[in-house]
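Heads up: the structure comes next, in C-alpha cells.
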There are 2 protein chains.
Amino acid sequence: MSFAKLDDHCRALGALDHALSILGTDEAVNMAPGGGEARAEAMATLSGMYHRQATDPRVREWIETAARSEDLAPEQVIAVSELERSYINMTCLPSDFVESKMRTSMRSEQLWRKARPTGDWAAFQPALEGVVTLMREEAAMRAEVLGLEPYDALMEQYDPGNRTASITPVFAELKAFLVEFLPRALAVQEARLSTRPLKPLSGDYPVERQKALGLEMMTAVGFDMNHGSLSVSDHPFCGGVPSDVRMTTRYRIDEFLPALMGILHETGHGLYEQNLPKDWSHWPSGKARGMSLHESQSLFVEKQIGRNPAFWRFALPLVDQFLNESWTMEDLLPHVHQVKRGKIRVDADEVTYPLHVILRYELEQDLLSGRLEVKDLPEAWDAKMQASLGISTLDDPKNGPMQDVHWPSGAFGYFPSYTLGAVMAAQQWAAILKLNPDVDAQISVGDFEMVNAWRRDNIWSRASTGSTPEILRDATGEDLNPARFIAHLQARYGQ
Amino acid sequence: MSFAKLDDHCRALGALDHALSILGTDEAVNMAPGGGEARAEAMATLSGMYHRQATDPRVREWIETAARSEDLAPEQVIAVSELERSYINMTCLPSDFVESKMRTSMRSEQLWRKARPTGDWAAFQPALEGVVTLMREEAAMRAEVLGLEPYDALMEQYDPGNRTASITPVFAELKAFLVEFLPRALAVQEARLSTRPLKPLSGDYPVERQKALGLEMMTAVGFDMNHGSLSVSDHPFCGGVPSDVRMTTRYRIDEFLPALMGILHETGHGLYEQNLPKDWSHWPSGKARGMSLHESQSLFVEKQIGRNPAFWRFALPLVDQFLNESWTMEDLLPHVHQVKRGKIRVDADEVTYPLHVILRYELEQDLLSGRLEVKDLPEAWDAKMQASLGISTLDDPKNGPMQDVHWPSGAFGYFPSYTLGAVMAAQQWAAILKLNPDVDAQISVGDFEMVNAWRRDNIWSRASTGSTPEILRDATGEDLNPARFIAHLQARYGQ
C-alpha cells in the first residue's frame, strides 16, 4: 500500500520532470524569441511544484512504512532506498536557506554574465564571495545530515558514493603523469607535423549534408531514431526524456569536425538515456546514475570510439561520401588527435582537459574549507595554471577563474565528474578489450554490437541501482583507477 | 489575501496549462515516433494534476471570501467571477461520472477510428449509443447546476452565454436562405465557368518557398513573429501559448492554395491569442472567450480578408514573386470562391459549410432530448442532407454520420461554434466597414492596421471579461444576426 503510494508519487514527479525536460529542450530549440518570460515563469512554477511534491513530509512516512513492513521484491527494496537517498538530499536544507541560495546564485550568475566579457574581476569578486559563503554553510549542513565530509556531501548530489578519499589520490597520480607527459606529447606531435604539416580540412559543407552525416554516425553507433532526434541549438546538449532523447548540435559551414565530434559526444549521453530500464523510468532507481557515469558514456563514444583510428577506417569513407571529399587517414587523424596548451577548459583536448579539472577540484576544496579566500583566487589559479600547463592567466581573469558558469551559479563538487568520466570510460574500454580483443576490428567495419551489449548489461541497465563506485566495480572488476586512462593517453599521444 | 491566494492558484494552473500546451504542440511537431506512450502518460498525469488543483474545494472558499469581503478593483471582480464560472463548470459533475465518461468516450473514439475507414456503422453504433446515454446524463446534471436547458448547459462550456433561444432562429433563417441560395450560387458559377473555364493553379512549389510565402502573409496580416512560429504537422492547428503561438500547416508540392488558406485561418486564431491582455494571462478572464469567438477570428482572416478580392490585389504579386508564377485575378479568384455540394463538412466552402453545421446542431439536440435514437441517425442524417444539400449519404455512413470525431469523443454542443464564428465574423466586418468605408482600399495595399486596431480594441483585448453575446454586442452594436453573413454571401457568390 505504501509502495503503491510511492509509485503514484514517483509517477507525478515523473510527469513534472517530463514536462520540465521537454520545455527546456523546446526553449533552446523551438521557442519564439519573445516567449522567454512566460516560459521562465511557467518553468519556475513547475519546478516549485516539483520541489513541494518531492519534499512532501508524507513521503518520509510512506518510505518508512514501505521499508519496514512490506514484503518487497529486491528491485522494490532498491527503488525505495534510492528514493530515500534522493528525498534526504532534497530535504536536508531548510527552505529559507534554499531560497536565499537561489537568489544569491541567480544574482551572481547574472553578474558573471555581465562582468565576464570584459574580465571585470573587481565587479565579480563580491558576488562570488557571497556564493562561497553560502556554499560553506550548505556543505556543512549537508555533511551534518549525511554524515560525510563537507565536500563529499556536495559531490553526493551529482555522483552518489564518490568520495575525495578515493578521488584525490587518483587525481594526484593523473596530474603527476600529465605534467610530465604533456611536453612529451607535444614534442611527438611537433616531430610528426614537421615531416607532414597539418592539412586543413576546411571547405563548404552545407548544414543538411553535415546533419545527414551526423544522423548516419548516430545510428551507426546505436542511437535509436525511433526514440530521439537531432536539432540545432546555440549550445549543444542532450535533453528530452529516455523515450524521446533530444540531441542538439551547432554547425559551422567551413568545418565539419566540431559538429561531428559534438554529435558523437551527445550520442553517448543519448545511448545511456535510451537504454535505461523502462519499467522503472519514473523512480530515481530507474534514472541515469550521476554526472560522472553520464560523462563516461559521452566520452566513451567521443574519445574511446570516436577518436580511435579504427573508428575512422569505418567513418572516413562516410565522411568522404557525405561531404564530397577524399581525405586520407593521415590527413584526418592529426586533427582528431591535436594537443594544445590553452587557458580554456571547454576548448581543451583529451590530454590537457584533466589538468583544467584537477585545478578546479583542488581550488574549490580550498575555497570551501576556508584555506583560500575568493580575493586570492586569481593568484592561486595562476600559480596552478603555471605549474600544470605552463600558462599564466593573471592578467586575463576572463580566461582564468571567470571562465566557467559553475561557481557563480553555486555548483561546487561538480567539476570532478568530467575527468572521472574520462577515467571511467578508459576503464570500461579496457574491460571490453579484455573480453573482446577484436573490438578494433569490429569498430573498423562499423560493428558496435558487442561494445553496446557490454555497456547495456553493465552500465545502462544498472541505472541507479547502485552507487557510482559500485557500478564501476561491478562493470570493470576494479575500483577507480587512473592506470587505464594513462595507458590510453600514452598509446594515443606518446608515440 | 484571498485574492492573492487565487492569483497563486491561477499561476499554478497557468504553468500546468503552459506545459500541456507546449507538450501537445511538441507531440504533433517534434516528438520522436516512439515517444508517444511516455508522452501520453505524462500528459494524462499532468491533466489529472491540473484537474485536482482546479477543483480543490478551498478554491470555492477563496472565491467566496474574495467576492464577499474584499475591496476589489473592477478588473478583479470580473476575474473572480469568471474564475467562479470556470470552477462551477469544472466541478458540476461527480468525479466518478467524469471518469466513466472519459473511459467510454476514449473507447468510443478508438472504435470510431477503426470503424470509420470502412464505414462499419453496425460496429460503431453501440459505442455511440454509450456516449449519447452518458451525454444525456451529463447535460441533465450540468443543466441542474447551472439552471439552464440541457443543450445550453453543454454549449456553456464552449461559449459562455450562447443559448439555443437566440441561435435557433438565426440558424433557421440562415438555412432557409442557403437552401434557396445554393442552387443560385452554383448557377452563377457555372455561367462564369462556361465563358472562362477554370485554369489549374498547379505546378511544382518547393515547401521552403511556400513557407516563405506563408510567413510573408502571416506577418502582413499582423502576426508577431517575435511571439510565434510556423511549423509542419499532419493536421494544421494553432497551439502553444499567447507569448509563443505555435502555428502549423501541411504542404502539397503541386498546389499552394490549401496551405496558404490554412495558414491564414490559423493566423486568425494566432492573432487573437497574441493580443490577449498580458497582465491577466493566467486568469480565466484573460483567456480567449470561447470557441465561436475564436472561430470568428480565424474565419475573419481566412474568409473576410483572405477570400476578399481586394486582398488578392495585394497578395497576388507576392504569390507570383515567391512561386515564380504570373496569374491574373481572373485565374485565381474562381479557385478562392469555388462552391461545391459535398458530403464532407471539413471540405465544404463558405456557402455550404453552414448547412453541414446546422444539420449537426439539429441532430445533436434531437439525440440529447431523446427525440432521436442513435440507430435511426443514418436515416435522419440522410433526410437532412437531401433536404439541404440534395445529397444522399444513406449507403455511405463513412461520409455521413461517421465523418466527425466530435460525437464519438463526447463533444456535444461544440458544432454550432463553427457557423456562429462565420456569422460573427461577418458582423465584425460590417462594423468595421461602417466606421471605415475604405477598408478594401487599405487591404488591397497590404494595410491591415485599422482592421487590426478595431479587432484589438473590440475583441482581443476583451478576452473573457464578458459573455460571448456581450462581447459581440459591445463590439458590433447588435446581437447575433445572420443578415450580415447573408449579405456577404450574396455579394460574393450571388452575382
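Quick notes on this one:
- Residues in the stretch A:386-393 carry Karplus couplings, in order, of 4, 5, 9, 10, x, 10, 9, 10 Hz; the curve used is 6.51 cos²θ - 1.76 cosθ + 1.60 with θ = phi - 60°, and Gly or Pro positions show x.
- Flagged links, alpha-carbon separation over 24 Å, of B:Lys211/B:Lys303; A:Lys199/A:Lys340; A:Lys287/B:Lys101: A:Lys287/B:Lys101
- Mean accessible surface per residue for the stretch B:399-485, computed with a 1.4 Å probe while every protein chain stays in place, in Å²: 34
- In a reduced charge model with +1 at each Lys and Arg Cβ and -1 at each Asp and Glu Cβ, the stretch B:197-267 shows a dipole moment near 100 debye about its Cα centre.
- Multiplying each eigenvalue of the alpha-carbon gyration tensor of the stretch B:1-115 by 5 and taking the square root yields semi-axes of 33, 18, 11 Å, largest first, rounded to whole angstroms.
- Proximal charge balance of A:Leu323 [Cβ under 10 Å; K/R count +1, D/E count -1]: -2
- Solvent-accessible ranking of A:Arg462, B:Arg313, largest area first, probe 1.4 Å: B:Arg313, A:Arg462
- Accessible surface, 1.4 Å probe, highest first, among residues A:Lys434, B:Lys343: A:Lys434, B:Lys343
- Chain B: Rg to Rh, with Rh as the Kirkwood radius over Cα pairs: 0.95
- Cβ neighbours within 10 Å from other chains - mean over A:228-236: 1
- Test item: Cα-centred dipole of the stretch A:286-397, Lys/Arg +1 and Asp/Glu -1 on Cβ, debye: 440
- Span from the the stretch B:1-79 Cα centroid across to the the stretch A:427-463 one, whole angstrom: 47
- The stretch B:300-342: projected area of the alpha-carbon convex hull, averaged over directions, in nm²: 3.6
- Per residue of peptide B:294-305, the mean number of Cβ atoms on other chains within 10 Å of the residue Cβ is 0.
- Listed by chain and number, the lysines whose alpha-carbon sits under 17 Å from that of A:Lys114, ignoring those within fewer than 8 places in the same chain, are A:Lys398.
- Inter-chain Cβ neighbour average for residues B:11-17, partner chain, 10 Å: 5
- Cα centroid of the stretch A:293-315 to Cα centroid of the stretch A:104-173, whole Å: 30
- Protection proxy ranking of B:72-85, A:48-61, A:191-204, A:217-230 - average other beta-carbon atoms within 10 Å, highest first: A:217-230, B:72-85, A:48-61, A:191-204
- Over chain B, Cα pairs under 8 Å with separation of 6+ residues give a relative contact order of 20 percent.
- In this view, the solvent-accessible surface of B:Glu149, computed with a 1.4 Å probe and all protein chains in place, comes to about 120 Å².
- Cross-link reach is defined here as a Cα-Cα straight distance under 12 Å, omitting same-chain residues fewer than 8 places apart; for A:Lys375 the aspartates and glutamates meeting it are A:Glu129.
- Once the Kirkwood radius over Cα pairs is known for the protein assembly as shown, the Stokes-Einstein relation at 10 °C and 1.306 mPa s delivers a diffusion coefficient of 49 µm²/s.
- By a 1.4 Å probe calculation restricted to protein chains, B:Phe485 has an accessible surface near 10 Å², given to the nearest 10.
- Annotation for B:Ala73 and A:Ala4: the two label points, set 7 Å from Cα along the Cα-Cβ direction, are 5.0 nm apart.
- DSSP finds beta bridges in the protein assembly as shown, and of those with both partners inside it, around 45 percent are antiparallel.
- Since only A:Asn324, A:Ser298, A:Ser233 are under comparison, the one whose Cα sits farthest along the positive direction of the charge dipole of the stretch A:230-340, derived from C-beta charges on Lys, Arg, Asp and Glu, is A:Ser298.
- In order along the stretch B:323-329, the Karplus-derived 3J(HN,Hα) couplings, from 6.51 cos²θ - 1.76 cosθ + 1.60 at θ = phi - 60°, round to 9, 6, 10, 9, 9, 9, 4 Hz, and Gly and Pro are given as x.
- Phi angles across the stretch B:204-213 convert, under the Karplus curve 6.51 cos²θ - 1.76 cosθ + 1.60 with θ = phi - 60°, into 3J(HN,Hα) values of 10, 10, x, 3, 4, 6, 5, 5, 4, 4 Hz, Gly and Pro given as x.
- Three semi-axes of the equivalent ellipsoid, the stretch A:197-236, Cα gyration tensor, whole Å, largest first: 24, 14, 10
- Size of charge dipole - the stretch B:155-306 - debye, nearest 20, with Cβ of Lys, Arg +1 and Asp, Glu -1, no other charges: 300
- B:Trp454, B:Trp280, reordered so the largest accessible area comes first (probe 1.4 Å): B:Trp280, B:Trp454
- Two-site FRET efficiency, B:Asp204 against A:Arg473, from Cβ-Cβ distance with R₀ of 51 Å, rounded to 0.05: 0.25
- Relative contact order of the stretch A:133-194: 16 percent, from C-alpha pairs under 8 Å at least 6 residues apart in sequence.
- Area of A:Phe177 that stays accessible when all protein chains are in place (1.4 Å probe, Å², to 10): 20
- Taking 14 Å as the straight-line reach from the Cα of A:Lys434, the aspartates and glutamates in range (excluding those fewer than 8 positions away in the same chain) are A:Glu478.
- Radius of gyration over Kirkwood radius for the stretch A:6-58, both on Cα atoms: the Rg/Rh ratio is 1.07.
The values are calculated or read from the model by the stated rules, or taken from the named source; none is laboratory data. All of these numbers come straight from a predicted model, not from anything done at the bench. Don't worry about glycine lacking a Cβ; one is built from the backbone with ideal geometry, like all the others, and counts go over all protein chains shown. These accessible areas exclude ligands, DNA and RNA; they are computed on the full protein's heavy atoms, side chains included. Shrake-Rupley method; radii C 1.70, N 1.55, O 1.52, S 1.80 Å.
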